[in-house]
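A.B. asks: Pasting in a structure now, in structure tokens, and then I'll have a few things to ask.
The values are calculated or read from the model by the stated rules, or taken from the named source; none is laboratory data. Everything numeric in this text was worked out from a predicted model, so none of it was measured. Virtual Cβ from ideal backbone geometry, glycine too; neighbours counted across all protein chains shown.
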Ligand SMILES: NC(=O)c1ccc[n+]([C@@H]2O[C@H](COP(=O)([O-])OP(=O)(O)OC[C@H]3O[C@@H](n4cnc5c(N)ncnc54)[C@H](O)[C@@H]3O)[C@@H](O)[C@H]2O)c1
């Protein structure tokens, strides 16, 4: 049990990568709160679903108060909720730009601004921000998404410095997954997915569990001396 008695908040935890992480963390002994604006795609006795839109700052504050009151603390935060609205830059509308920035970037800030400082006061904690290969390398048709995912890496490094002030053992890391079979890829044509698979050393896309295993490592004490790091989990993809 690598997360025995830990309390973990996972945004976007109702399905996809968030679901895989929630189920794995729960199996390792954590109490998990899956904060998501969508309905839970599964049930688990150690996972509580909570309806939250991460773009709403006041709702985020109320959510943190609720979890802290009910569970007493938050040990792990995974900022995982994310969306895409893809288009070539010349065709990208202001709405497409604003929505992706609001969810993928501001949403991460909205929760972390409460949970990070609380972890600092508590003297420990692990924050994991889900970035992307697209944040590292860019991708045609994803200027908005790439901006947010690169931004998440910048916030990760900043918070690794900020929340560790005064000796707190608060670690902040990012994971940049490669293309992973979840609903977010539904809009990507199969020939592109095949191309992405061929660009990896392993010749395939990732399974959600392979990303969840990386998150478990960064959430657990096994990574106690790792902070400010961006862990690429992409099968050796070259773009
Ligand atoms: N699947 C991939 O190929 C891949 C690759 C790299 C990075 N990522 C990142 O991993 C994360 C998870 O993606 P996924 O593949 O599981 O996608 P997904 O679409 O299956 O799940 C995303 C979840 O986030 C939730 N969500 C969306 N907007 C929200 C909001 N405003 N407030 C709260 N919840 C919200 C959705 O309801 C959904 O449950 C995202 O940040 C994504 O950018 C995914």
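A.B. asks: Of everything in the stretch 51-62, what is within 10 Å of the ligand (Cβ to nearest atom) and surrounded by 14 or more Cβ atoms within 10 Å (Cβ to Cβ)? Give them in sequence order.
C.D. replies: Listed by number, the residues that qualify are 52, 53, 54, 55, 56, 59, 60.
A.B. asks: Return the total of residues in the stretch 74-107 being within 19 Å of residue 139 (Cα to Cα), over 12 Å from the mean Cα position of the chain (by Cα) and within 13 Å of the ligand (Cβ to nearest atom).
C.D. replies: Residues in the stretch 74-107 being within 19 Å of residue 139 (Cα to Cα), over 12 Å from the mean Cα position of the chain (by Cα) and within 13 Å of the ligand (Cβ to nearest atom): 7 in total.
A.B. asks: So which residues in the stretch 154-167 are in contact with a strand residue (DSSP E or B) (Cβ under 7 Å, 6 or more places away or on another chain) and either free of Cβ contacts under 8 Å to residues at least 24 places away in the same chain or surrounded by fewer than 19 Cβ atoms within 10 Å (Cβ to Cβ) (or both)?
C.D. replies: 164
A.B. asks: How do the pairs read when you match residues in the stretch 170-190 that are under 22 Å from residue 216 (Cα atoms) with residues anywhere that are at pLDDT below 95 and near the ligand (Cβ under 6 Å from one of its atoms), using Cβ under 9 Å and keeping only pairs 6 or more apart or on different chains?
C.D. replies: Pairs that qualify, where the first residue is under 22 Å from residue 216 (Cα atoms) and the partner is at pLDDT below 95 and near the ligand (Cβ under 6 Å from one of its atoms), are 179/185.
A.B. asks: Kindly list the number of the only condition in (1) part of a helix (DSSP H, G or I); (2) touching a residue at least 40 places away in the same chain (Cβ under 8 Å); (3) surrounded by 13 or more Cβ atoms within 10 Å (Cβ to Cβ) that fails for residue 193.
C.D. replies: Just one mismatch for residue 193, condition (2).
A.B. asks: Name the residue, out of 184, 175, that is surrounded by 14 or more Cβ atoms within 10 Å (Cβ to Cβ), at pLDDT below 95 and in contact with a helix residue (DSSP H, G or I) (Cβ under 8 Å, 6 or more places away or on another chain).
C.D. replies: Only one candidate qualifies: 184.
A.B. asks: Quick check on my filter: what residues within the stretch 57-99 are touching a residue at least 24 places away in the same chain (Cβ under 8 Å) and farther than 23 Å from residue 132 by Cα?
C.D. replies: 57, 60, 61, 63, 64, 67, 68, 71, 72, 73, 74, 75
A.B. asks: Among the residues of the stretch 213-230, count how many are in contact with a helix residue (DSSP H, G or I) (Cβ under 6 Å, 6 or more places away or on another chain), buried (at least 19 other Cβ atoms within 10 Å of the Cβ) and within 17 Å of residue 152 (Cα to Cα).
C.D. replies: So the answer is 2.
A.B. asks: Got a number for residues in the stretch 4-15 being more than 13 Å from residue 39 (Cβ to Cβ) and near the ligand (Cβ under 8 Å from one of its atoms)?
C.D. replies: 1
A.B. asks: Does residue 110 qualify as being closer than 21 Å to residue 62 by Cα, buried (at least 24 other Cβ atoms within 10 Å of the Cβ) and over 12 Å from the mean Cα position of the chain (by Cα)?
C.D. replies: Judged against the criteria, residue 110 is a match.
A.B. asks: Residue check: is residue 76 closer than 24 Å to residue 147 by Cα and crowded, with 24+ Cβ neighbours inside 10 Å?
C.D. replies: no
A.B. asks: Still on this structure: How many residues are surrounded by 20 or more Cβ atoms within 10 Å (Cβ to Cβ) and free of Cβ contacts under 8 Å to residues at least 40 places away in the same chain if we restrict to the stretch 25-50?
C.D. replies: Residues flagged as surrounded by 20 or more Cβ atoms within 10 Å (Cβ to Cβ) and free of Cβ contacts under 8 Å to residues at least 40 places away in the same chain within the stretch 25-50 amount to 5.
A.B. asks: Moving on to the next point. Does residue 210 satisfy being within 12 Å of the ligand (Cβ to nearest atom) and either under 14 Å from the mean Cα position of the chain (by Cα) or surrounded by fewer than 19 Cβ atoms within 10 Å (Cβ to Cβ) (or both)?
C.D. replies: yes
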